[in-house]
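Scroll down for the structure; my scribbles are underneath it.
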Amino acid sequence: MSSQENCEILLPIPTLQPLDNDAAAISDDFQRYLTYHLGRFKGCTPAYIYQALSHTVRDRLMPHWQSTWLNHLQPQKRRAYYLSLEFLIGRALGNNLLNLAIENPTQEALKRFSADLEQVEEREPDAGLGNGGLGRLAACFMDSCATLALPVIGYGIRYEYGMFRQRIENDEQVEEPDHWLREGNPWEIERAEYHQRIQFGGYSEFYKDAHGEERVRWVGTQDVLAIPFDVPIAGYKNNTVNTLRLWKASATDEFNLQEFNQGSYTEAVQAKNEAEHISMVLYPNDSSENGKELRLRQQYFLASASLKDAIRLWKKGGGGDFKTFAADNVFQMNDTHPTIAVAELMRLLIDEYHLNWDEAWNITTQCMAYTNHTLLPEALERWPVYLFRRLLPRLLDIIYEINARFLRLVSRRWPGDTDRLRRMSIIEEGPVQQVRMAWLAIVGSFSINGVAALHSQLLVDGLFHDFYELWPHKFNNKTNGVTPRRWVAFANPALTQLVSSKIGDSWIANLQELEKLVPYATKKHTAFHKAWREVKHANKQRLATLVKQDCNVDFNPDSLFDIQVKRIHEYKRQLLNILHVIHLYIRLKNGKTDNWVNRCVLIGGKAAPGYVMAKRIIKLINRVADIVNNDEEIGERLKVAFIPNYRVSSMEIIAPAADLSEQISTAGKEASGTGNMKFMMNGALTIGTYDGANIEIMDAVGAENFFLFGLKADEVQALRHDYRPWDIAAQDADLKAVLDLIRSGHFNDCAPGEFEPILNSVLSANDPWMTLADFRSYVDAQDKVATAWQDQEHWTRMSILNTAHSGFFSTDRTMLEYNRDIWKLKAGAEI
Ligand code: M8P
């Protein structure tokens, strides 16, 4: 792209007026898209109906998008930027219809074409640009910021391939690429004119400028273009549409030219391919780093493109003197993944805008804020210094300088404490020197937060303790949330209607109002209780249909629906769940059926492709399901299913249908969890450990409406020194029977020894997840669940109370706290 091509021509574009939202207007527009735009003259496939409808809806976002954008760009309007390698958006059509409040006329318009809205919505592929909780949290944050009219722009990567699709073949996970953009994406607008040039490789060159000042420039680089694609994020019925800007990598023209002139056409194409690889695929690891060079390229690509774009927007809005930059801009880093932004902002301010070090450092440390999402040691990002030197040499210079100055500060504060210096250094010494990204984030940020009360406490007591002693004021907690628009109003329309019939519908934008349901919960034998159960039953029927279709297992909606859906990880202990299932199976086989409660156990989630143990756990679940479901003696008393390809759009069916939410991680390991909140809002009861946000959920709903079990975080730590799982197994006949049955080959007669590694891991004194330590207390808690289920009136009361007390877990509250304590933005039209 030449600079001339790139020059923006200002056109007299008018202020867009809102379009009519009645069924006739929607149907006219839909028809026009189908014919004039898509060229469908007679019949067409559902895919085209989806496309035409999405464009029709997108048009209705445009006037609000324009006004919001212009409002955000006003001079001196402070903005926040959410930097994240992941945005797990899911589907957009239904959510946009809800937020624009045009579901009914749209349904009516489609009827004129004999099309059904629900079926059309099913055509949309999930935008799976994230792994799990961390990515979905970013998407919920975007929804709430738009709803609160906060000037927040999301920056991410437009991966060509999102989270892989999971199939189950011979009981095992098989991964397939997710080419979600194949049929085009109506929810994005390419803005090639705002591309940025991103440098890689090369070296630092020192020179004197025209005024004789010593300066550095980064030269000899291989550059890649970052092209922005904007996704509209509609607020709930508030005429606000915020922007999620996703970057696509594209080769520069030189890439082609240089090689082409040397007569090597194929090399030119290969170079282009390499450049474009950067945004090709999302790394499918949730909570474990893999240290691949391409991943570091992705991180720098996002950080650099976003910072350059933010500076461009700031200048466009009248910014000029960098003294005010920190007053106008704040960057929230979603975990350490985009943390290279700290060094990149320094580089831009010093090398490109010629500020001195202290000026640049003051600005950077007033602009950057860091959220930590995990304590798992394997998720702590470290990059080898040699990789930085090769890929981002100028950034390494800057990191070294940040570190040298920081260590001087530490040694002044704690003279002679060399061990502390070693611990706190951003550069970790060892056979291979590494850059500790979390330390860079802490040193470069004015705010550091965890994602639930316990997690934030564990951070300052443990991992970040040295830094907490130095800068206690930087550390804070922001308990996660989820958006009630997608997770209740959209996913559970029947419940939404029932709740609104009693307390009005303002709870959707002010979730604390759900407290008004409390009096309806406590009065038993009412029509409301009955209606509540009927809604749940209908939602369970809907899920049963999905389970039949995807797993070929019969779930009876009269049974207790016991559900655990999340990434498969040893710390989340899907194993504990399946050990309990086997225990129930043994009870049934032994004829112990007194006071039996029929249960349908649903488990779902993806394993990182290289995580062998997680994949083995999936296989065990599927083998147990095969045996249990096909045993005629068991019948409807116990059903087990593993739902393949768990994703955002499956959770929209699953959460409304759950009776029991399984949140059973080893205490101290799950930073927060957010699935726990989606289930709670939809009236599920939780069986959970004292971990992450479970603790706050129990505080909100009351211990009598929550099934707590297991060791606490400090007890887990204390037990580590003397953990003897084989003694536990020997002393607990039920547990012994479960382990013996697995060992006997009952679930794997074709492959002897297949599950030995699982048995060995839970029986190891070094089992970090201490699964067996919690077995007895888990089984006891599950027995209490069964007893509670037998009193349906009482269960209904507890279910309503869970919804009623879930108001705190709205991301609206989370975003208001980020804004109050960190971002300090003015909402809406305020300047
Ligand atoms: C860590 C990575 C480390 C290296 C490379 C890739 C990675 C991708 C993801 C993560 C990661 O930390 N993932 C998480 S943290 N997934 C989650 O769900 C976590 O964040 C949620 C939102 O705060 C929390 O609710 C979860 O408890 C937490 O595990």
Once amide hydrogens are built 1.01 Å from N within the peptide plane, the residues lying 5 or more places from Gly673 or on another chain with amide H under 5 Å from its amide H are Ala693
Looking only at aspartates and glutamates whose Cα falls under 12 Å of Lys77's and that sit 8 or more positions away or on another chain, we get Asp328, Glu830
Over all viewing directions the Cα convex hull of the stretch 631-771 casts an average projected area in nm² of 10.9
Ile442 neighbourhood, Cβ < 10 Å, K/R = +1, D/E = -1, net charge +1
Here, the stretch 366-437 modelled as identical Cα point scatterers in vacuum has Debye log10 I(q)/I(0) at q = 0.24, 0.25 Å⁻¹ of -1.22, -1.23
dims of the stretch 701-809, Cα set, principal axes, largest to smallest, nearest Å -> 48, 35, 26
Fewest to most Cβ atoms within 10 Å: Lys826, Lys669 sort as Lys826, Lys669
Across the alpha-carbon set of the stretch 603-672, Rg over Rh with Rh taken as the Kirkwood radius works out to 1.00
Exposed-loop cut sites defined as GluC sites (Glu not before Pro) in DSSP loop states with at most 15 other Cβ within 10 angstrom; longest site-free run of the chain spans 214-428
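Can you give the net charge of the other residues whose Cβ lies under 11 Å from the Cβ of Leu380, counting K and R as +1 and D and E as -1? Please report the intermediate quantities before stating the final value.
Details: positive: Arg382, Arg436; negative: Glu289, Asp335, Glu378, Glu381, Glu428.
So the surrounding residues net to -3.
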For the stretch 548-565, in residue order, the Karplus 3J(HN,Hα) values (coefficients 6.51, -1.76, 1.60; θ = phi - 60°; whole Hz; Gly and Pro = x) are 4, 5, 8, 10, 6, 10, 8, 9, 8, x, 7, 7, 6, 8, 10, 10, 10, 10
The aspartates and glutamates whose Cα lies under 13 Å from the Cα of Lys478, excluding any fewer than 8 residues away in the same chain, are Glu696, Asp812, Glu817, Asp821
Cα gyration tensor of the stretch 92-146 diagonalised, 5x eigenvalues square-rooted, in angstrom largest first, produces semi-axes 27, 14, 5
By the Kirkwood definition, with r running over pairs of different Cα atoms, the chain has a hydrodynamic radius in Å of 28.4
Taking a ≥ b ≥ c as the square roots of the Cα gyration tensor eigenvalues, with a/c under 1.5 meaning rounded and otherwise prolate when a/b beats b/c or oblate if not, the stretch 766-816 comes out oblate
Sequence order, the stretch 729-745: Karplus ³J(HN,Hα) from phi using 6.51 cos²θ - 1.76 cosθ + 1.60, θ = phi - 60°, Hz rounded, Gly and Pro as x, gives 5, 5, 8, 10, 4, 5, 5, 4, 4, 5, 5, 4, 5, 5, 5, 5, x
Most exposed first, judged by fewest Cβ atoms within 10 angstrom, Glu756, Glu176 run Glu176, Glu756
Note, Ala139: beta-carbon cut-off 10 Å, +1 each Lys/Arg, -1 each Asp/Glu, net 0
For the table Lys502/Lys536; Lys669/Lys824; Lys572/Lys615, the rows whose alpha-carbon distance is greater than 21 Å are Lys669/Lys824
Whole-Å distance linking the alpha carbon centroid of the stretch 519-547 with that of the stretch 586-643 is 25
The answer for chymotrypsin sites (Phe, Trp or Tyr not before Pro) in the stretch 637-729 that fall in a DSSP coil and have at most 11 neighbouring Cβ atoms within 10 Å is none
Cross-link reach from Lys524 to aspartates and glutamates, straight Cα distance under 13 Å and at least 8 residues apart if same chain, gives Asp791, Glu793
Whole-Å distance linking the alpha carbon centroid of the stretch 664-691 with that of the stretch 481-500 is 19
With +1 on the Cβ of every Lys and Arg and -1 on the Cβ of every Asp and Glu, the dipole magnitude of the stretch 464-518 about its Cα centre, in debye rounded to the nearest 20, is 220
Hydrodynamic calc, the stretch 262-389: Kirkwood Rh from Cα pairs, then Stokes-Einstein at 10 °C with viscosity 1.306 mPa s, so D in µm² s⁻¹ is 95
Residues whose built amide H sits under 5 Å from the amide H of Tyr690, excluding neighbours closer than 5 in sequence, are Phe709
Going fewest to most other Cβ atoms within 10 Å around each Cβ, Tyr36, Tyr48 line up as Tyr36, Tyr48
Residue span Lys502 to Asn476: 0.36 nm per residue of separation minus Cα-Cα distance leaves a gain in nm of 5.6 nm
For the stretch 564-702 (alpha-carbon point model, no solvent) the Debye-based log₁₀ I(q)/I(0) at q = 0.12, 0.14, 0.15, 0.17 Å⁻¹ works out to -0.50, -0.68, -0.78, -0.99
Under the Karplus relation with 6.51, -1.76 and 1.60 and θ = phi - 60°, whole-Hz ³J(HN,Hα) for the stretch 509-524, x at Gly and Pro, equal 9, 8, 5, 4, 5, 4, 4, 4, 7, 3, x, 6, 6, 6, 7, 8
By the C-alpha gyration tensor axes a ≥ b ≥ c (rounded if a/c is under 1.5, else prolate when a/b exceeds b/c, else oblate), the shape of the stretch 210-339 is oblate
The long-range amide H neighbours of Ser447, using H built 1.01 Å from N in the peptide plane and a cut-off of under 5 Å, are Tyr370
Computed D for the stretch 506-579, Stokes-Einstein, Kirkwood radius over alpha-carbon pairs, 37 °C, 0.692 mPa s, to the nearest µm² per second, is 211
So the pair-distance distribution of the stretch 406-452, from every Cα-Cα distance in 5 Å bins, comes to percents of 5, 19, 24, 22, 19, 9, 3, 0
Gyration tensor on Cα atoms of the stretch 457-575, a ≥ b ≥ c root eigenvalues, a/c under 1.5 rounded, else prolate if a/b beats b/c, else oblate, says oblate
For the table Lys678/Lys826; Lys540/Lys678; Lys237/Lys826; Lys606/Lys712, the rows whose alpha-carbon distance is greater than 22 Å are Lys678/Lys826; Lys606/Lys712
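Taken together, the values in this text are just the output of simple stated rules run on the coordinates, not laboratory data. What you are looking at is a predicted structure, and each value in this text was computed from that prediction instead of being measured. Cβ sites come from the backbone with ideal geometry, for glycine too, and all protein chains shown count toward neighbours.
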